[in-house]
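Coordinate-derived values only; no laboratory data. All figures in this text were calculated on a predicted structure; none of them were measured in a lab. We place every Cβ from the backbone using ideal geometry, glycine too, and count neighbours over all the protein chains shown.
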Amino acid sequence: MQNTLAHLKRGERAIITDVSSIHIPLKLLEMGCLPGNSVELVQVAPFQDPMYLNINGSHLAIRKETASHILIEKVAHE
Amino acid sequence: MSKQINVALIGNPNTGKTSVFNALTGLNQKVGNYPGITVEKKQGICKLPRGVKAHIIDLPGTYSLNASSLDENVVIELLLNKKDKDFPDIAVVVTDVENLKRNLLLFTQIKDLEIPTVLVINMADRMRYKGISLDIGYLEEKLNTKIALVSTRKNEGIDKLKQLISNYKEVSITPCIDTAQIDVDYFGNLKKAFPNQLLYKLWLVITQDVNFGKTDRNEIDPVADFKTKSKGDLKRLQQKETIKRYQFINNALDEGQTIDLSQAKDLRIKLDRILTHKVWGYVIFGVILLTIFQAIYDWSSVPMDLIDGLFASLSEWTKTQLPQGAFTNLLAEGIIPGLGGIVIFIPQIAFLFLFIAVLEESGYMSRVVFLMDRIMRRFGLSGKSIVPLISGTACAIPAIMATRNIESWKERLITILVTPFTTCSARLPVYLIIIALVIPEGRILGLSYQALTLMMLYLIGFGTAIISAYILNKILKIKSKTFFVVEMPNYKLPLFKNVALTVIEKTKSFVFGAGKIILAISIVLWFLASYGPGEEFNDAENIIKTEYVSENISSEDLQQKIASYKLEHSFIGIAGHAIEPAIRPLGYDWKIGIAIVCSFAAREVFVGTLATIYSVGSDQEETIKNRMAGEINPVLGGPLFTFASGISLLLFYAFAMQCMSTLAIVKKETNSWKWPILQLVIMTAFAYIVALIAFQFLK
């Protein structure tokens, strides 16, 4: 199964692998949500939604729905 | 005479662009609107070395030139139109040192329009805390620009920036990336079809048309031999473009910027752990709101009493010092009490704007957006609706404009429709005076009953907004894509200068905007109350004298009786009596009726109207509050303002749509008369019914 950003847990890190879904707004890409960049889940609101992310140094919040279109690869804890 | 240099300040939101603008222009700034749209236009004058002046325009914050809202569209419209009188001689792109990478995206786009561009790296004072060091020389070379390292907090780097602006002719216009490289075939064809145009400009025009529908741009007509692509393909190209831009930026920053994470002291993480916590986050938000309301109440009571007394004395003084006559009466009974009714609320409104400015400036507002999104969505709103709903407590007009960054049209429309329920500052005067009349003093747990009542009214307004949103969400059949991206900016100590300027600007526009209407209405009212048709008005003195001729009545009482008889038979009295049957079941008399009718121009007129009506014919020096307390209910006897009629009036004002300016804004933002008319009818009918029930139950 493909891992998506919606599966990320608090404090976990991952690398974005694919953002080609048309459900991802251009604005999100412009804010740095691009393949190869790292992403960390900083905080979640109740029900894991929305998600407060740190994408490559950019701090932003998106809804879980959007996050489920962003494919990732989890990074093991150092 | 030397020419003014046109400067455009451009930057992402939360980069301190406005601080830079304030630092450059100080008080030499004015805020207006772009013609035809309600986007705020800020401009100012900055004095440069050697007597040159720069005309600075602070463009709305935007993340990129791919505009997705009206505000952002202003930026691109200006930059694409060389004939615009504001077209910049130089663009100043403001970036935040901590988000340099992301902020540079916009910079590369503006460079590619071949406009001379300099770069401001703002908040340089934070570099030390974040372990960031920059090689400015290297970056200037890689990015083909000049850089000013600025700290508006410490007032550093502004002189350097001024110097860069005055040397605008030497600034490079070399683009950052070669647009043709994004897709060789596509852009090759485009170039062939429009050989004289800048490729990136063409590309922007094409993609903007995708976002906005066909806009009228004469420069680029569709040419038969050039086939554009499908929406999906264009979007893919935009993705490719974005990736290319980041490659360029990374290439420059890899060596130009080093970040030593071990040096970074992160206040953000610590604060966010509490402020966005699943439980504590909400508790803290509640406490903050409660504190704000208590503070507004406590802090402003002293200056308000002072102003109230001052205007009463001023009225009295005018009457005794100026020669008697119609003009003196107009001044003393019409204009001064009318203006007093608005000036008295300056303290409260200023405090309200102050708190909202601090919440926004500190970065806390975004955390509230994050906390509330899930809850708001259940009601058909977006987390971003919280900003209009909170700033709606100041004024619904800017609040409705603030809905522009809500991405989904349905969520945005619902927010626009329900925002007027939130307690705006124009309702505050009405609430305060009525609360003071009908709610007893006293405290519970350190909070006064009066403050708690006010808080309740705010909650009722907010609650009604939420519930109506829920209903609208079920009724409205609108399909729109919902997505939600919100930046979580760093926490910042609000800059005194920024907050002060916001408070002054907003309060000024409230007072002058409302002041004009109130002045006009109070003059008209005074005439209507001072003159009347027919025998009964003109012969009032004789009629009353004959009526009371047998009774032993002091001349003072007699004068009072004549005055009130005259008022009842003046134009306004006749109009008031005509509407009285409709409002009597709510517990109001015809004077309140007049005040309510006038309130449809703007709510804050209420107090001024009552002040004007009550002061016509009265000789005593009285504050507005005492006059209202002295009013007698014509039917039931006893004071007019009782607990029942007071509550009924409070609820009427809480729900009724009584603001022409808001209706005008809603028309503009929704581009249809349907929505404002629905708002007017439904809200007012609802207000009537609730007020009716309240009075009948409580009386």
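Relative to the Cα centre, what is the charge dipole magnitude of the protein assembly as shown, using +1 at the beta carbon of each Lys and Arg, -1 at the beta carbon of each Asp and Glu, and rounding to the nearest 20 debye?
2400
Which order do B:ARG584, B:ARG404 fall in if you start with the one that has the fewest other Cβ atoms within 10 Å?
Fewest to most other Cβ atoms nearby, the residues stand as B:ARG584, B:ARG404.
For the stretch B:420-436, just list the computed ³J(HN,Hα) in residue order, Karplus coefficients 6.51, -1.76 and 1.60, θ = phi - 60°, integers in Hz, with x standing in for Gly and Pro.
Result, rounded to whole Hz: x, 6, 5, 6, 7, 5, 6, 6, 3, x, 5, 4, 4, 5, 6, 4, 4.
Long-range amide H contacts for B:VAL52: which residues qualify at under 5 Å (H placed 1.01 Å from N, peptide plane, sequence gap of 5 or more or a different chain)?
none
Can you find, among B:PRO398, B:ASN552, B:ILE439, the residue sitting farthest towards the positive end of the charge dipole of the protein assembly as shown, where Lys and Arg contribute +1 and Asp and Glu -1 at Cβ?
The listed residue farthest towards the positive side: B:PRO398.
Measure nothing but the geometry: give the 0 to 90° angle between the long axis through the Cα atoms of B:100-112 and the longest principal axis through the Cα atoms of chain B, rounded to 10°.
So the inclination is approximately 80 degrees.
B:LYS497: which lysines have alpha carbons under 18 Å from its alpha carbon, excluding same-chain residues fewer than 8 sequence positions away?
Leaving aside lysines fewer than 8 places away in the same chain, those within reach of B:LYS497 are B:LYS17, B:LYS30, B:LYS42, B:LYS154, B:LYS506, B:LYS508.
So how strong a dipole does chain B carry about its Cα centre when Lys and Arg Cβ are +1 and Asp and Glu Cβ are -1, to the nearest 20 debye?
Approximately 2800 debye in magnitude.
5 Å is the cut-off here: which amide hydrogens, built 1.01 Å from N in the peptide plane, fall below it relative to B:GLU156, excluding neighbours closer than 5 in sequence?
Long-range HN contacts for B:GLU156: B:SER151.
Select from chain A those trypsin sites (Lys or Arg not before Pro) which occupy a DSSP coil region and have at most 10 other Cβ atoms within 10 Å, ordered by residue number.
A:LYS9
Evaluate the distance, in nm, between pseudo-label points positioned 7 Å from the Cα of B:GLN4 and of B:LYS30 along their respective Cα→Cβ axes.
The modelled label-to-label distance comes out at 0.9 nm.
Working from Cα positions, state the angle (0 to 90°, nearest 10) between the long axis of helix B:660-670 and the longest principal axis of chain B.
Taking Cα atoms only, the helix is inclined about 30 degrees.
Which order do the peptides B:688-694, B:424-430 take when ranked by the mean count of other beta-carbon atoms within 10 Å per residue, highest first?
The densest-packed peptide leads the list: B:424-430, B:688-694.
When every alpha-carbon pair in the stretch B:5-170 is counted, what percent end up more than 21 Å apart?
42
On a C-alpha basis, how far is the centre of the stretch B:409-468 from the centre of the stretch B:86-122 in Å? Whole number, if you could?
43
Using θ = phi - 60° and the Karplus curve 6.51 cos²θ - 1.76 cosθ + 1.60, what whole-Hz ³J(HN,Hα) does each residue of the stretch B:232-239 get, with Gly and Pro shown as x?
x, 5, 4, 5, 4, 5, 5, 4
Assuming R0 = 25 Å, can you tell me the calculated FRET efficiency for the pair B:LYS240 and B:LYS479, based on Cβ-Cβ distance, to the nearest 0.05?
The pair B:LYS240/B:LYS479 has a calculated efficiency of 0.30.
List the residues of the stretch B:350-368 whose backbone N lies under 20 Å from a point placed 7 Å from the Cα of B:LEU493 along the Cα-to-Cβ direction.
Counting only backbone N, you get B:354-365.
Would you mind checking the pairs B:LYS201/B:LYS235; B:LYS85/B:LYS235; A:LYS9/B:LYS384; B:LYS85/B:LYS146; B:LYS53/B:LYS146 and listing those with alpha carbons more than 28 angstrom apart?
From B:LYS201/B:LYS235; B:LYS85/B:LYS235; A:LYS9/B:LYS384; B:LYS85/B:LYS146; B:LYS53/B:LYS146, over 28 Å: B:LYS85/B:LYS235.
Tell me, what is the FRET efficiency for B:ASN251 and B:LEU459 to the nearest 0.05, using R0 = 45 angstrom and their Cβ-Cβ distance as r?
Plugging the Cβ-Cβ distance into 1/(1 + (r/R0)^6) gives 0.25.
Quick check: residue separation of B:ASP125 and B:ALA563 times 0.36 nm, minus the Cα distance between them. What number comes out in nm?
150.9 nm
Ranked by Cβ crowding within 10 angstrom, fewest neighbours first, how are A:LEU41, B:LEU519 ordered?
Ordered from fewest to most neighbouring Cβ atoms within 10 Å, A:LEU41, B:LEU519 come out as B:LEU519, A:LEU41.
Where does each of B:SER555, B:SER366, B:SER166 land when they are ranked from fewest to most other beta-carbon atoms within 10 angstrom?
Fewest to most other Cβ atoms nearby, the residues stand as B:SER555, B:SER166, B:SER366.
When the helices in chain B are scored as -39500 (n - 2.57) per DSSP H run of 4 or longer and the sum is shared across all residues, what 222 nm value do you end up with, to the nearest 500 deg cm²/dmol?
About -18500 deg cm²/dmol.
Compute the distance in nm between two label points, each set 7 Å from the Cα along the Cα-to-Cβ direction, one at B:LYS47 and one at A:SER21.
Between B:LYS47 and A:SER21, the simple spin-label model gives 5.8 nm.
At 0.36 nm per residue, minus the direct Cα-Cα distance, what do B:ILE269 and B:ILE471 gain on full extension? Give it in nm, one decimal, please.
68.9 nm
So if we plug the beta-carbon distance of B:ILE579 and A:SER68 into 1/(1 + (r/R0)^6) with R0 = 51 Å, what FRET efficiency do we get, rounded to 0.05?
Given R0 = 51 Å and the Cβ-Cβ separation, E is 0.35.
Return the distance in nm (one decimal) between the two label points of a simple spin-label model at B:LYS545 and B:ILE136, each offset 7 Å from Cα along Cα→Cβ.
With each label point 7 Å from Cα toward Cβ, the separation is 8.7 nm.
Multiplying the sequence separation of B:TYR531 and B:SER554 by 0.36 nm and subtracting their Cα-Cα distance, what value in nm do you get?
5.7 nm
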